[in-house]
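Below is one structure, written out as structure tokens, with a few remarks after it.
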Amino acid sequence: MAPSQIHDAPIPPAPNKQSESRFASLPIPPVDEPFTLNAEFLSDTYPQKVNLGIGVYRTESGDPWPLPVVEEAETQLHRSKNVARHEYLTIQGDGKFLNLARDLVFGFDSGIEPNGTHQQNGDHNKDKENKDRIVSIQTISGTGANRLGAEFLARSLHPRNVWIPEPTWANHLTIWDLVGVERKPYPYFDPATKAFNYDSTVQTLKTQAQKGDVVILHACAHNPTGADPSKEQWTKLASIFQQKGLIPFFDLAYQGFASGSLDEDAFAIRHFMNCTPRIEFCVAQSFSKNFGLYGQRAGALHLVTNPAESESSLPQIALANLSHLVRGEYSMAPRGGSEIVRTVLSSPDLRKKWGEDLKNMSGRIKAMRQALYDELLKLGTPGKWEHILAQIGMFSYTGLTEPQVLAIRQRHHVYMLKSGRISMSGLNPKNVSYVARAIDDVVRTVTLARKQ
Ligand SMILES: Cc1ncc(COP(=O)(O)O)c(C=O)c1O
């Protein structure tokens, strides 16, 4: 069209919004409950409101907590004035960070013990053998590790099913849906005992899972229930994985944060690592919670392989495949958070301080479990509440029903997930009795309503 004709050109009809956009038939995806609830909480103007929805650590005064050890590492990094600090990482990520992250999960000798002393007597030969079986790649935190592992397994092994605990961290369902593997639930939680349902899990895996199926396992501090298998149960589960040829996929989002001990929280993974016959599996490792690096997105995926003697290049080929997926998706993980983790884990002094920070966080959460339990007992709130003490990690699965949860939110402005999951770190000495009274009020109302 010549420029002079522009003014005379007929005005095109307004597009019919319903039929003309290519995106007109987009489906509405499900909303993410914790983040939506958080936004609702933030817009609530009630002065006594309490947020027990989102899974992040909060101090006694309800504030976020940059770990002192993280601040110290940041200062060191800043002072070092490394001119390469804003350069690209390799596609695999920061090699030193990855080795330290791997050693933390599997309990290998990094030359530095969690208590800050140098290890003297590690089983070096066994460690070397095990290290050779593992390939590690840096990820966009735990979510990225879950996603990359799912993508890799879906493409390379084409599992028929992925068995996902019911209930679970909701993103497991999204991730495995997005990679197109059939999702099947296994009955993880027993509402009657409010604990891990070992018998039903075993029954389901034994009778319904097929060779080559993937099974999602929370390595510790199960989200949302806070109910974990015992060590004995983990040991028996490992045998079932061996017998049935199932592929474990460990999600490790709370190492050290759950019990305060890095070793205790890694028990299951280390047991599976040392099983004979050997098991091949994935570990998705997150540093969001145990370093308080939520927004930094630091994590790793570890793939444990079992190459025959003639297949020594197999781990490297697996790594090349993982790297290929990463390159096509986001090129490489970010370096800010991993540099902090690397700085802390490679210094005996900072490692020791990190151990203290972990104890501080896990200790405060345990104290809040006790405080909430004591308050409910004092009020004589109907029902049993011992499970609040027995559960571990950031969350408690209270057993409150959805109508009760909604009533607690409406009447008292206390926010929790519809499943009754509460984030223990949202509790503090100032609000715990208010929360207990809110629960008490609603539990009594519902109990009375049922009796009438
Ligand atoms: C069980 C579980 N897995 C993975 C994650 C991933 O967290 P991030 O992506 O921040 O590492 C979370 C976070 O809440 C979680 O609870």
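Key figures
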| read-out | value |
| --- | --- |
| Percent carbon-and-sulfur accessible area, the range 322-411, ignoring ligands, DNA and RNA, probe 1.4 Å | 53 |
| Packing-based order for 305-312, 379-386, using average beta carbon neighbours within 10 Å, highest first | 379-386, 305-312 |
| Stretchable slack from N360 to Q233, in nm (0.36 nm times residue separation minus alpha-carbon distance) | 42.8 nm |
| Spin-label pair R79/L379, simplified geometry with 7 Å Cα→Cβ offset, distance in nm | 4.9 |
| Inter-label distance, nm, simple model (7 Å from Cα along the C-beta direction), H124/Y88 | 3.7 |
| Estimated inter-spin distance, T36 and L389, nm [label 7 Å along Cα→Cβ] | 3.7 |
| Residues of the range 159-207: accessible area per residue with a 1.4 Å probe, Å² | 49 |
| The range 143-174 and the range 20-40: distance between their alpha carbon centers, rounded to Å | 22 |
| Computed lengthening from E329 to S61, 0.36 nm per intervening residue step minus Cα-Cα distance | 92.5 nm |
| Centre separation in Å (Cα based) which lies between the range 317-352 and the range 245-271 | 19 |
| Taking all pairs of distinct alpha-carbon atoms in the range 88-346, Kirkwood radius in angstrom | 18.5 |
| Whole-number percent relative contact order across the chain, with pairs defined as alpha carbons under 8 Å at least 6 apart | 23 |
| Net lengthening on full extension, A24/K418 (0.36 nm per residue, minus Cα-Cα) | 138.7 nm |
| T207 accessible area, assembled protein chains, probe 1.4 Å, Å² | 90 |
| Protection proxy ranking, peptides 179-188, 330-339, average beta carbon neighbours within 10 Å, highest first | 330-339, 179-188 |
| Most to least packed among 402-411, 294-303, 97-106 [average Cβ atoms within 10 Å] | 294-303, 97-106, 402-411 |
| Probe 1.4 Å, protein heavy atoms only - accessible area per residue of the range 256-399 in square angstrom | 39 |
| Debye equation applied to the C-alpha atoms of the chain, log10 I(q)/I(0) at 0.08, 0.10 Å⁻¹ | -0.52, -0.78 |
| Centroid-to-centroid separation of the range 373-452 and the range 283-311 [C-alpha atoms, Å] | 35 |
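The values are calculated or read from the model by the stated rules, or taken from the named source; none is laboratory data. Only a predicted model underlies this, so the values are computations on that prediction, with no experimental measurement involved. A quick note on method: Cβ atoms are made from the backbone with ideal geometry, for glycine too, and the neighbour counts reach across all protein chains shown. Accessible surface is based on the protein model in full, side chains and every heavy atom, while ligands, DNA and RNA are left aside. Shrake-Rupley method; radii C 1.70, N 1.55, O 1.52, S 1.80 Å.
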